[in-house]
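Chemist: Quick one: this structure, given as structure tokens, is what I'll be asking you about.
The values are calculated or read from the model by the stated rules, or taken from the named source; none is laboratory data. It should be emphasised that the depicted structure is a prediction, and the values quoted were computed from it without experimental measurement. Glycine also receives a Cβ, built like all others from the backbone with ideal geometry; neighbour counts cover every protein chain displayed.
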Amino acid sequence: MKPDAILKHSPLVLTEAQRAAYFREGYLVVENYVPEVWLRRLRSAMAEVIDRSRTVAASNDVFVLEQGHSADNPRLHRVTSPQDQHPVFWEFMCDPLITDLVADVVGPDVKFHHAKLNVKAGNGSREFKWHQDIQAWPHTDYSPVTVGVYIDGCTDEQGPLAFVSGSHKGPLYSLYDELGNFTVSLRDSDARLISDSQVKRATGGPGTTILLNCRTVHGSTRNTSNAARPLLLPVYSSADSFCYVPSPIVSPHMGDIVRGKAARYASFDVRPCELPPDWRAGYRAPWSLQQDSEKARMAM
Ligand SMILES: O=C(O)CCC(=O)C(=O)O
């Protein structure tokens, strides 16, 4: 569904001003949105899942390990598809607290695409370079939105998500480097054009929730603090928006209608989108793709 049609529906959770800000800037930060009773459940589910990573010595389909990960000191970049690892995550992702919020920016019929839990363990966890999301999973329109929930909150030192305001209205950049490797990051020549005055960093207390449009340029800095920065990231779209490539991250819930009804017709926005590699050949998480590209270019 495209913005004109979405805006014909009255918002359920957001004020008109908040919703207008999302469509104007390409993101919205709602401070302390998720209540403590949910946060407690999410923390307990997260602790159980992270505990399972203690027996893992190399990144796999579920856990993306940070440098220094060990059984005694689990250090994770990411839990992939957390909703398939613990039922509390899926319950949360289907709860009206989240699906009504999403409906305000994608329309009343809401479809789940995929999710991640980016843990960013602390003590120097890597940055996530500037990028846009939609080139990794192109859809027939640009309704897809990532919801970001800071389970424990996020300070400036913890590598908050940062956005380039208004960039969702600009071009989609190439996420391939000069050597043709897909890196999930803008080329240095494009990233250099971003000025500090356009950048907004999303910090906030526990439960602070971000809505991020799939075209918006965003990234995050290193986590230099000694506390992890768990950020739960489910992705949704309008029910009539369809991903037209195999997805890098798969889940039995992909395509589930979590609010409203399924679509009979697809919505099309003909602005072109660069295609990702054929993920059927395997998917590697962005941090390692970005690191490999840096090494290859330094060796040139
Ligand atoms: O976790 C982060 O800091 C960045 C996440 C992100 O940008 C993404 O998953 O697309």
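Chemist: Search region 187-216 for residues being in contact with a Leu (Cβ under 7 Å, 6 or more places away or on another chain) and hydrophobic (A, V, I, L, M, F, W, C), and hand back the single one that is nearest to VAL29 (Cα to Cα).
Modeler: Selected residue: ILE210.
Chemist: May I pose another question? Checking SER59 against (1) of a type outside the set (Lys, Arg); (2) in contact with a helix residue (DSSP H, G or I) (Cβ under 9 Å, 6 or more places away or on another chain); (3) not in a loop (DSSP other than H, G, I, E, B): exactly one of these is not met. Which one?
Modeler: (3)
Chemist: Being touching a residue at least 12 places away in the same chain (Cβ under 8 Å) and part of a strand (DSSP E or B) is true for just one of VAL258, VAL250, VAL245. Which residue is that?
Modeler: Working: VAL250 fails: part of a strand (DSSP E or B); VAL245 fails: part of a strand (DSSP E or B).
Being touching a residue at least 12 places away in the same chain (Cβ under 8 Å) and part of a strand (DSSP E or B) holds for just one of VAL258, VAL250, VAL245, which is VAL258.
Chemist: For region 238-294, name all the residues that are touching a Leu at 6+ places or on another chain (Cβ under 9 Å) and not hydroxyl-bearing (Ser, Thr, Tyr).
Modeler: Scanning region 238-294 gives VAL245, ARG271, PRO272, CYS273, GLU274, PRO276.
Chemist: What is the residue count in region 25-47 for residues that are out of contact with any helix residue (DSSP H, G or I) (no Cβ under 9 Å at 6 or more places or on another chain) and either part of a helix (DSSP H, G or I) or within 15 Å of PRO230 (Cα to Cα) (or both)? Give the derivation first.
Modeler: To start, the set of residues in region 25-47 that are out of contact with any helix residue (DSSP H, G or I) (no Cβ under 9 Å at 6 or more places or on another chain) comprises 29, 31-32, 36-37, 39-40, 43, 47.
Checking the rest, the ones that are also either part of a helix (DSSP H, G or I) or within 15 Å of PRO230 (Cα to Cα) (or both) come to 32, 36-37, 39-40, 43, 47.
Looking only at that region, the number is 7.
Chemist: Being in contact (Cβ under 8 Å) with a residue 60 or more places away in the chain and within 16 Å of the ligand (Cβ to nearest atom) is the filter here, so list the residues in region 175-189 that pass it. Show your work before the answer.
Modeler: If we filter region 175-189 for residues that are in contact (Cβ under 8 Å) with a residue 60 or more places away in the chain, which is where we start, we get 175-179, 181-185.
Once the filter is applied, which keeps residues that are in contact (Cβ under 8 Å) with a residue 60 or more places away in the chain and within 16 Å of the ligand (Cβ to nearest atom), region 175-189 yields LEU175, PHE182, THR183, VAL184, SER185.
Chemist: If you don't mind, another one. Would you tally the residues in region 186-201 being surrounded by 15 or more Cβ atoms within 10 Å (Cβ to Cβ), assigned to a loop (DSSP other than H, G, I, E, B) and aliphatic (A, V, I, L, M)?
Modeler: 2
Chemist: Does region 243-265 hold any residues that are within 16 Å of the ligand (Cβ to nearest atom) and modelled with pLDDT of 95 or more, and which are they?
Modeler: Correct list: CYS243, SER251.
Chemist: Only residues in region 281-297 that are within 15 Å of HIS131 (Cα to Cα) and assigned to a helix (DSSP H, G or I) count as the first member; pair them with residues that are at pLDDT 70 or above and of a type in the set (D, E, K, R), Cβ under 6 angstrom, at least 6 apart or cross-chain, and list the lot.
Modeler: Taking only residues 6 or more apart or on different chains, the pairs are TRP287/ARG126; GLN290/LYS129; SER293/ASP177.
Chemist: Could you figure out which of (1) among the hydroxyl-bearing types (Ser, Thr, Tyr); (2) over 25 Å from ARG284 (Cα atoms); (3) part of a loop (DSSP other than H, G, I, E, B) isn't true of THR216?
Modeler: (2)
Chemist: Could you list, in sequence order, the residues of region 230-242 that are within 16 Å of the ligand (Cβ to nearest atom) and assigned to a strand (DSSP E or B)?
Modeler: Taking region 230-242 first, the residues within 16 Å of the ligand (Cβ to nearest atom) are 230-237.
If the condition is that a residue be within 16 Å of the ligand (Cβ to nearest atom) and assigned to a strand (DSSP E or B), then LEU231, LEU232, LEU233, PRO234, VAL235, TYR236, SER237 are the ones that fit.
Chemist: Another question, then. Please enumerate the residues belonging to region 62-93 that are in contact with a helix residue (DSSP H, G or I) (Cβ under 6 Å, 6 or more places away or on another chain), in a helix (DSSP H, G or I) and under 17 Å from LEU231 (Cβ atoms).
Modeler: PRO82, GLN83, VAL88, PHE89, MET93
Chemist: Look at GLU25 and say whether it is at pLDDT 95 or above, closer than 21 Å to PRO160 by Cβ and not aliphatic (A, V, I, L, M). Reasoning before the result, please.
Modeler: Details: at pLDDT 95 or above: yes; closer than 21 Å to PRO160 by Cβ: yes; not aliphatic (A, V, I, L, M): yes.
Considered against the rule, which asks whether it is at pLDDT 95 or above, closer than 21 Å to PRO160 by Cβ and not aliphatic (A, V, I, L, M), GLU25 comes out as yes.
Chemist: May I ask you to say which residue of SER125, SER174, SER143 is at pLDDT below 95 and polar (S, T, N, Q)? Walk me through it before giving the result.
Modeler: Details: SER174 fails: at pLDDT below 95; SER143 fails: at pLDDT below 95.
After applying the criteria, what remains is SER125.
Chemist: Still on this structure, I have one more. Please report, ordered by residue number, the strands (runs of 3 or more DSSP E) entirely within region 94-173 with at least 1 residues that are more than 10 Å from the ligand (Cβ to nearest atom).
Modeler: Details: elements: 110-118, 128-131, 145-150, 161-164.
Of the strands (runs of 3 or more DSSP E) lying wholly inside region 94-173, those with at least 1 residues that are more than 10 Å from the ligand (Cβ to nearest atom) span 110-118, 145-150, 161-164.
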